[in-house]
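The values are calculated or read from the model by the stated rules, or taken from the named source; none is laboratory data. Computed from a prediction, not measured in an experiment: that's the story for all the values here. Cβ atoms come from the backbone with ideal geometry, glycine included; neighbour counts cover every protein chain shown.
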Amino acid sequence: MGGGTRMRTVGLGVGTGVLSGVVGLLPWIVTGMRLPLQNLWATPTVDPADMPVALLPFSQYSVGLIGAMLLVGGAVAGLAVRLLGERRGLPGRLATVLAVTGLLVVQLVALVQTAVVTGAGLRTDRSIGTGAAISAAQVYLVALIAGTLLAIALAVVLLVVLARTAPGVVVVAVAVGALAAGTWVDAFLVSPVGFADGSVSAVLSVTRWVPAVLVGLGIARTGLTSVGRVIGSVLALAVLWSGSAAVTAVTAALGTRVYLPYPLELASFGAEVFRSALGPAGTGIGSALVALVIGGAGALAWRWWRARRDRVAP
């Protein structure tokens, strides 16, 4: 590999990771990136415009969105690396490492900047525990940082799996990315701490099927031509079903302030919501069925098209 080619490869790989990370943050970027109002803010603030600019929406009400944006960034980067490897012959292992580097630059800078800005504004006069004084604000900030670091780690794993593994595994990773994409799309319609009006709710009733459509397309593109791909498709449907319920449970639990000081009650409430969301009252079953129909029909259509193409090829 010559010097010019090496530089182009490095630029393309790192640029893919950086651009994907920015794409993941788009729902927050378009809002103006003002930190959500904080319950533990040192200065009483009621106008969101008075809050500082932060690269992530640190708030217990925005945990799902933070995770979704970071995971979408990882998923976009992984799919881009895979596509570049197929179309441009970009070395897979090197491209993956470079994309991970670019993604981490964006996501870690966003985390550090947000943590510094949030920490500087939080109050410190409310303590918990009987030993060393630990402020509630410190616990809150550390929990958000830890959760964000976990999401960044999962985004890296998602990138690597999508870029480097066999199709039967890739389709499961697509299901994870699809769940994140559903929240990501909805964030363009509803602010992280806002509520949907009637017209927006009508659109949300359509966008709720985004994960199902993406998983269905993933199954169709992967195909059902081997045992591994069939198993992967079944697992993808299971991830879509259970993941939809998990997103509903986490969002409901963290959005209920009364349970936040009581971890056991919070976990119990979340578990109850999860069990309910798994059943007919939840969206998981419907999403899995829609994905199954799209995936099955798409796989048959893809197989027919390839067979027809092979017959007419000289």
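Could you grab me the full set of residues in the range 1-36 that are more than 19 Å from the chain's Cα centre (by Cα) and modelled with pLDDT of 90 or more? Scanning the range 1-36 gives Val14, Gly15, Gly32, Arg34, Leu35, Pro36.
Conditions (1) of a type outside the set (S, T, N, Q); (2) buried (at least 19 other Cβ atoms within 10 Å of the Cβ); (3) at pLDDT 75 or above, marked per residue:
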residue: Ala80; (1), (2), (3): yes, yes, yes
residue: Arg87; (1), (2), (3): yes, no, no
residue: Val97; (1), (2), (3): yes, no, yes
residue: Leu103; (1), (2), (3): yes, yes, yes
residue: Ala110; (1), (2), (3): yes, yes, yes
residue: Gln113; (1), (2), (3): no, no, yes
residue: Val117; (1), (2), (3): yes, no, yes
residue: Asp125; (1), (2), (3): yes, no, no
residue: Ile128; (1), (2), (3): yes, no, no
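Within the range 196-233, restricting attention to residues that are outside any helix (DSSP H, G or I) and free of Cβ contacts under 8 Å to residues at least 40 places away in the same chain, which residue is nearest to Val171 (Cα to Cα)? Once the filter is applied, the top-ranked residue is Ala196.
Only one of these is under 30 Å from Ala253 (Cβ atoms) and either outside any loop (DSSP other than H, G, I, E, B) or touching a helix residue (DSSP H, G or I) at 6+ places or on another chain (Cβ under 8 Å) (or both): Leu26, Leu79, Leu94. Name it.
Leu26
Being basic (Lys, Arg) and either closer than 14 Å to Pro211 by Cα or in contact (Cβ under 8 Å) with a residue 60 or more places away in the chain (or both), is that true of even one residue in the range 247-257?
Of the residues in the range 247-257, the ones basic (Lys, Arg) are 257.
Narrowing the set further to residues that are either closer than 14 Å to Pro211 by Cα or in contact (Cβ under 8 Å) with a residue 60 or more places away in the chain (or both) leaves 257.
Yes, the range 247-257 contains a residue that is basic (Lys, Arg) and either closer than 14 Å to Pro211 by Cα or in contact (Cβ under 8 Å) with a residue 60 or more places away in the chain (or both).
For the structure I just gave you, tell me whether Ala236 is part of a helix (DSSP H, G or I), under 18 Å from the mean Cα position of the chain (by Cα), in contact (Cβ under 8 Å) with a residue 60 or more places away in the chain and under 30 Å from Leu122 (Cα atoms). Criteria not met by Ala236. Of all residue pairs spaced 6 or more apart or on separate chains, those with beta-carbon atoms under 6 Å, a first member in the range 266-294 that is buried (at least 18 other Cβ atoms within 10 Å of the Cβ) and a second member that is assigned to a helix (DSSP H, G or I) and β-branched (Val, Ile, Thr) are Ala277/Thr248; Ala291/Val215.
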